[in-house]
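A.B. asks: Starting off with a structure, shown below.
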Protein chains: 2
Amino acid sequence: MASPSDPARFAEAESDPSLPKEVAKPLTAALRSDLLKAQYARLAKADRSLLIVVAGLDGAGKGATVNLINEWMDARHIRTLAFGPPSEEERQYPFLWRYWRELPAKGRTGIVFGSWYAPLFELLSGKNPKRDEVERLASAIRDFESLLARDGVQILKLWYHLSRDAQKERTARLASDPETSWMVRPEDYLVADNFKRMRKAADTMLTLTDGGLARWQVIPSADERLRSVRTGQAILAALRAPVHRPSPDEHPGVTECQPRAASGHAGGRRLTRVDHSLRLSENEYDDQLAHWRSRLARQVRSKAFRKLPVVLVFEGHDAAGKGSTIRRITHALDARQFHAVPISAPTDDERARPYLWRFWRELPSPGDITIFDRSWYGRVLVERVEKLARPQEWRRAYEEINQFERQLVESGILVLKFWLAISKDVQLQRFKDREQSPFKSFKITAEDWRNREKWSAYTTAANDMFDLTDTTFAPWHVISSNDKRHARVAVLERIVTAIDMRLSR
Amino acid sequence: MASPSDPARFAEAESDPSLPKEVAKPLTAALRSDLLKAQYARLAKADRSLLIVVAGLDGAGKGATVNLINEWMDARHIRTLAFGPPSEEERQYPFLWRYWRELPAKGRTGIVFGSWYAPLFELLSGKNPKRDEVERLASAIRDFESLLARDGVQILKLWYHLSRDAQKERTARLASDPETSWMVRPEDYLVADNFKRMRKAADTMLTLTDGGLARWQVIPSADERLRSVRTGQAILAALRAPVHRPSPDEHPGVTECQPRAASGHAGGRRLTRVDHSLRLSENEYDDQLAHWRSRLARQVRSKAFRKLPVVLVFEGHDAAGKGSTIRRITHALDARQFHAVPISAPTDDERARPYLWRFWRELPSPGDITIFDRSWYGRVLVERVEKLARPQEWRRAYEEINQFERQLVESGILVLKFWLAISKDVQLQRFKDREQSPFKSFKITAEDWRNREKWSAYTTAANDMFDLTDTTFAPWHVISSNDKRHARVAVLERIVTAIDMRLSR
């Protein structure tokens, strides 16, 4: 996944090459015009966005370069995203949360300062960075960039680099001129003293994250003209690059999963193994519902719960009872601490970004519960069955989803996924009942009947999903819902038990 | 605007009426079914949203009631918005900012806790509230609600009230039962001691804000059954209410302005008075541009500027030079401190909310500059001319815009509005030049030629706009842009001067 350390990586940059004025001038003029044209062409097509990661040694001229990009291109269609240290609110979420939220829409360009590389570089520049921690961050970054790259976000990663002497000289020069002294920050002075360590950190970081569709480019930074031209050229090449549609066997950083259910594999039968004989009498139901509901009500009002964010996911065939089960849960909760998200067709804004974006935006803060009524699993269920996603898209989604859920769990979110299972005859009966009931007839449409015809395609898709996304950190709970009373109690019991386990840790 | 104080306002609620169980039971059953049906009907139509403001005395059962609403209705389509004291970030913006951001989309229901009434009630409950401050908050609230009400947001305002003794008794009863003691908060105990003062504060607040399309309803709260039923009935009536389309002479809280330009009024000629003879030679331009640009560059990097949020608005006929003028400004800025927003057709999410919503979301924080390339003035320009807004919509927009800008200015934002004025022949020349230039031909489309045919309609609309939105707190700067050099320098000069004035205050 990561490329081997390249001894020559910084060789050119540390030779501090420069560009004579008379060469730079015509080059720059042509470049500016080409950049503008390429930017407008991208805007008009709006088939993908461009994310430019600006990183490098302090005092290498990153800020000045970004200003220049804004000058050369049409700044109205560029969003400069400058991230400082995370705020208290941001620290409550997975570390990539704040970057996900700010993803530019297709057609637009984002320049990222203080990107997702900042924590990794800080870690690596310290003394004796922990290997585990380094690998955890690096792999989260690789997964993140691979997912974006495959999903319509083009990533250009620029590392600004120069020799120790040139860095020192540049800093001193800027500081001595009152017109430019504001550009110098305290950290710029530290680079020269720690040059070897920072250089090594940079080399390691670039090695660990120089993969697949998001490769690093080192920009020699000692000479302003060369730095500017090389930056402009890199951006122009990115803007002009054809849309990359990876072939099935080329998905760096992700395994494209072969559905096993269809192939007669030993797995892929989970829904055939559901015990639909489980039932509760009305009396048992009343007792058990009251019991688990009051336990849940007490749990979520406990002091310890204030630190726990919870995500509940509900999936299942139409008429499986998702809505009514969710209601039995929310009845135990305070309205101020949960938030139900019914998932339907994406809006313009959502379609203009990778499919996981809308879910990142709804993550709970500590003490809150987000309940997804249908979820990101739509990618491997309805989008697969209805052919709304291409085969390579839904095939790779299994691993993308696992990576996403792993990040949630690692950041401390409790993730519980429920599949409410019903048999085909029960669905038919419920559809008929709904049509009869004046109170429920709005819940049944022609589309439901059409979906029913694809029952077995949905079942196959669900079985594949269980095979490929039933992870130790976010397992599936498949619950028979032929008897709704059983399902409601069973779901409540699982939730209470899981919260109990987390709070007693 | 505000209704007179009503001596009988709290009479019913303070008599602590109750509902016998045998009456409540069938009523509740019917209500729940009706509420669900009405909720789904609203969702299906998606022609407006419902915002339920839950306010009232502490310890009156507001929290319990909201939980009940979530239980009775489909909680998946309700968003409970619970606002505590504003965070540090939120305090940097106009006080309504955080409420604007969370407005539900059409079709959906939002329940607001800790609403925009919290600061006003706190102020009024204190000793000797300042009259000015009270009126300022009350009038901002009235304006806000009127605007929402006219723009597809239905507002239901519920005040939960009961007698002093009943409040005290309820608090003691809940506290004594371990099952419910979590519902009691410290502030609940303070109500009985300060009942008279709080009652008076409530009476004043309701009087000041009981206007037009957003009237208060007082819910007697001593008896849980009655409180629940009355709440449900109020919501049901709101959900069922026909869409209110105010007639031209019925716009509580806003003046619908009669355009004067068309009527031969003495105003409405601003664009005929522009001095298009102003020009700069190339040398003058270079000198002056460098002068003002470097002053701006220094200003925005000064320590004092870190506290100043700035909004720049650019409007003008097509080809007036907005884009190139904006570029001359951004060249002086650091990319991390400005943010350019080109305004085009709204997205789904934007169309589902009042038209000012998208602009509220882009307001700058202190030290930042938001540059709007076209703006909320689209409402009274393109939307008027192209008939995208109904006459009463754009006519009332003048005052809505003034109210909006007043809030920005009062919260400390510097608002500068520029109209780049060109004459019709200059536009023609620029269109032709653009068509000739291989580098600029992408900037000219059939739509531009179509818009040109409506030149005089746009001019009339612009003149009306100057008449009606050229306020002391946010005046228009009309700048001749027949000579682009003149325009760029003039705009920069105005910006620098305005910032100087603000920083030296």
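Please treat every number below as a calculation from the coordinates, not as lab data. The shown structure was predicted, so the numbers you read here are calculated from the model rather than taken from an experiment. Because the Cβ atoms are built from the backbone with ideal geometry, glycine has one as well, and the counts that use them run over all protein chains shown.
A.B. asks: Within 10 Å, count the other beta carbons around each residue, average over each peptide in B:67-79, B:16-28, and list them highest first.
C.D. replies: On the way: B:67-79: 21.2, B:16-28: 13.8.
Ranked from most to least packed, the peptides come out as B:67-79, B:16-28.
A.B. asks: So between A:Ser15 and A:Arg240, what do we pick up on full extension, going 0.36 nm a residue minus the alpha carbon distance?
C.D. replies: Working: separation 225, 0.36 × 225 = 81.00 nm, distance 2.92 nm.
Between A:Ser15 and A:Arg240, full extension yields an extra 78.1 nm.
A.B. asks: State the extension gain, in nm to one decimal, for the chain segment bounded by A:Trp449 and A:Glu435, taking 0.36 nm per residue of separation less the distance between their alpha-carbons. Kindly include the intermediate steps, with their values, before the conclusion.
C.D. replies: On the way: separation 14, 0.36 × 14 = 5.04 nm, distance 1.13 nm.
Length gained, A:Trp449 through A:Glu435: 3.9 nm.
A.B. asks: What FRET efficiency would be calculated for the residue pair A:Glu102, A:Val23, taking the C-beta separation as r and a Förster radius of 41 Å, to the nearest 0.05? The partial results should precede the final answer.
C.D. replies: Numbers: r = 37 Å, r/R0 = 0.91.
Efficiency, from the Cβ-Cβ distance: 0.65.
A.B. asks: Related question: Counting only other chains, what is the mean number of Cβ atoms within 10 angstrom of the Cβ of each residue in peptide A:104-113?
C.D. replies: Details: counts 0, 1, 0, 0, 1, 0, 0, 2, 0, 2.
Counting other chains' Cβ atoms within 10 Å and averaging over A:104-113 gives 1.
A.B. asks: How far apart, in nanometres, would the label points at B:Lys196 and A:Arg32 be if each is projected 7 angstrom from Cα along the Cα-to-Cβ direction?
C.D. replies: Here the modelled spin labels are 7.5 nm apart.
A.B. asks: Determine the shielding of peptide A:332-345 by partner chains: average, over its residues, the number of Cβ atoms on other chains within 10 angstrom of each Cβ. The partial results should precede the final answer.
C.D. replies: Numbers: counts 2, 4, 9, 18, 12, 2, 3, 6, 8, 2, 6, 1, 0, 0.
Average neighbour count from other chains, rounded to a whole number: 5.
A.B. asks: What is the distance, in nm, between label points placed 7 Å from the Cα along the Cα-to-Cβ direction at A:Arg279 and at B:Ser365?
C.D. replies: 5.9 nm
A.B. asks: So, one more: Could you give me the radius of gyration and the Dmax of region B:16-103, taking only the C-alpha atoms into account and expressing both in angstrom?
C.D. replies: Reported Rg and Dmax, both Å: 16.7, 52.
A.B. asks: Taking the Cβ-Cβ separation of B:Ala41 and A:Arg505 as r and a Förster radius of 51 Å, what is the calculated FRET efficiency to the nearest 0.05? All intermediate terms of the calculation are to be shown ahead of the outcome.
C.D. replies: Numbers: r = 46 Å, r/R0 = 0.90.
For B:Ala41 and A:Arg505, the calculated efficiency is 0.65.
A.B. asks: Still on this model: In nanometres, what is the gap between the two model label sites at A:Thr347 and B:Ser423, each 7 Å from Cα along Cα-to-Cβ?
C.D. replies: 4.6 nm
A.B. asks: Could you rank the peptides B:456-467, A:451-462 by their average count of other C-beta atoms within 10 Å per residue, with the highest value first?
C.D. replies: Working: B:456-467: 20.1, A:451-462: 16.6.
Result, highest mean Cβ count within 10 Å first: B:456-467, A:451-462.
A.B. asks: Then there's this: Counting other C-beta atoms within 10 Å, and keeping those with at most 14, which DSSP coil GluC sites (Glu not before Pro) do you find in region A:100-171? Present the calculation step by step, with values, prior to reporting the outcome.
C.D. replies: Details: sites: A:Glu102, A:Glu122, A:Glu133, A:Glu135, A:Glu145, A:Glu169; in loops: A:Glu102.
Passing sites in region A:100-171 are A:Glu102.
A.B. asks: Next question, about the same structure. To the nearest 20 Debye, how big is the dipole of chain B about its Cα centre, given +1 on the beta carbon of each Lys and Arg and -1 on that of each Asp and Glu?
C.D. replies: Approximately 800 debye in magnitude.
A.B. asks: Let me ask another. Normalised by the number of residues in chain B, what is the relative contact order in percent for Cα pairs under 8 Å and 6+ residues apart? Let's see the in-between values first.
C.D. replies: Values: 761 pairs, mean separation 98.2, N = 505.
For chain B, the relative contact order is 19 percent.
A.B. asks: Of all the C-alpha pairs in chain A, what % are more than 44 Å from each other?
C.D. replies: So the pairs more than 44 Å apart make up 26 percent of the total in chain A.
A.B. asks: First check a/c for region A:460-502, with a ≥ b ≥ c the square roots of the eigenvalues of its C-alpha gyration tensor; if it is under 1.5, answer rounded, and if not, answer prolate when a/b is larger than b/c or oblate otherwise. Don't skip to the end; give the middle numbers.
C.D. replies: Values: a/c = 5.46, a/b = 1.17, b/c = 4.66.
The shape class here is oblate.
A.B. asks: Could you please state, rounded to a whole Å, how far the C-alpha centre of region A:309-353 is from the C-alpha centre of region B:48-86?
C.D. replies: With region A:309-353 and region B:48-86 each reduced to a Cα centre, they are spaced 18 Å.
A.B. asks: For q = 0.07, 0.08, 0.09, 0.10 Å⁻¹, what log10 I(q)/I(0) does the protein assembly as shown give under the Debye formula with an equal point scatterer on each alpha carbon and no solvent?
C.D. replies: Evaluating at q = 0.07, 0.08, 0.09, 0.10 Å⁻¹ gives log10 I(q)/I(0) of -0.72, -0.95, -1.19, -1.41.
A.B. asks: With the dipole of the protein assembly as shown worked out from charges on the C-beta (+1 for Lys and Arg, -1 for Asp and Glu) around the Cα centre, which of A:Ala44, B:Ile155, B:Pro85 lies farthest toward the positive end?
C.D. replies: A:Ala44
A.B. asks: As a test of the formula, what do you get for chain A when each DSSP H run with n ≥ 4 contributes -39,500 (n - 2.57) and the sum is divided by the residue count, at 222 nm and rounded to the nearest 500 deg cm²/dmol?
C.D. replies: On the way: 21 runs with 246 residues, N = 505.
Mean residue ellipticity, 222 nm, calculated: -15000 deg cm²/dmol.
A.B. asks: While we're looking at this one, here's another question. With +1 assigned to the C-beta of every Lys and Arg and -1 to the C-beta of every Asp and Glu, and no other charges, what is the dipole magnitude of the protein assembly as shown about the Cα centre in debye, to the nearest 20?
C.D. replies: Working: 164 positive and 136 negative charges, 125 e Å.
It works out to roughly 600 debye.
A.B. asks: Take the cross-link list B:Lys106/B:Lys387; A:Lys62/B:Lys106; A:Lys37/B:Lys484; A:Lys37/A:Lys157; A:Lys157/A:Lys303; A:Lys127/A:Lys417 and give me the ones stretching past 32 Å between alpha-carbons. It would help to have the intermediate numbers written out before the result.
C.D. replies: Details: B:Lys106/B:Lys387 22 Å; A:Lys62/B:Lys106 44 Å; A:Lys37/B:Lys484 22 Å; A:Lys37/A:Lys157 22 Å; A:Lys157/A:Lys303 44 Å; A:Lys127/A:Lys417 41 Å.
Where the Cα-Cα span goes over 32 Å, the pairs concerned are A:Lys62/B:Lys106; A:Lys157/A:Lys303; A:Lys127/A:Lys417.
A.B. asks: Taking the Cα centre of each part, how many Å lie between region A:166-228 and region B:386-450?
C.D. replies: Measuring centre to centre over Cα atoms gives 42 Å.
A.B. asks: Given a Förster radius of 51 Å and the C-beta distance between A:Ala82 and B:Glu179 as r, what FRET efficiency does 1/(1 + (r/R0)^6) yield to the nearest 0.05? Mind showing how you got there, number by number?
C.D. replies: On the way: r = 50 Å, r/R0 = 0.98.
Result of the calculation: an efficiency of 0.55.
A.B. asks: Can I ask one more? Quick one: 3J(HN,Hα) in Hz for region B:112-123, Karplus 6.51/-1.76/1.60 with θ = phi - 60°, rounded, Gly and Pro as x.
C.D. replies: Couplings: 10, 9, x, 6, 5, 7, 4, x, 5, 5, 4, 4 Hz.
A.B. asks: What do you get for the angle between helix B:131-150 and the principal long axis of chain B? Use alpha-carbon atoms, 0 to 90 degrees, nearest ten.
C.D. replies: On a 0 to 90 degree scale, this one is about 80.
A.B. asks: Please compute, for peptide A:66-75, the average count of beta-carbon atoms on other protein chains lying within 10 Å of each residue's beta-carbon.
C.D. replies: Per residue, the number of nearby Cβ atoms from other chains is 5 on average.
A.B. asks: Mind checking the full-extension length gain between B:Tyr189 and B:Arg131? Use 0.36 nm per residue of separation minus the Cα-Cα distance, one decimal, nm. Could you put the intermediate results ahead of the total?
C.D. replies: On the way: separation 58, 0.36 × 58 = 20.88 nm, distance 2.80 nm.
Value of the extension gain: 18.1 nm.
A.B. asks: With only Lys, Arg, Asp and Glu charged, each at its Cβ (+1 for the first two, -1 for the last two), find how big the charge dipole of region A:125-165 is about the Cα centre; round to the nearest 20 debye.
C.D. replies: Details: 8 positive and 7 negative charges, 33 e Å.
About 160 debye.
A.B. asks: Could you tell me which residue out of A:Leu271, A:Ile371, A:Ser294 lies farthest along the dipole of chain A toward its positive end? Charges go on the beta carbon: Lys and Arg +1, Asp and Glu -1, centred on the Cα centre.
C.D. replies: Positive-most Cα among the choices belongs to A:Ser294.
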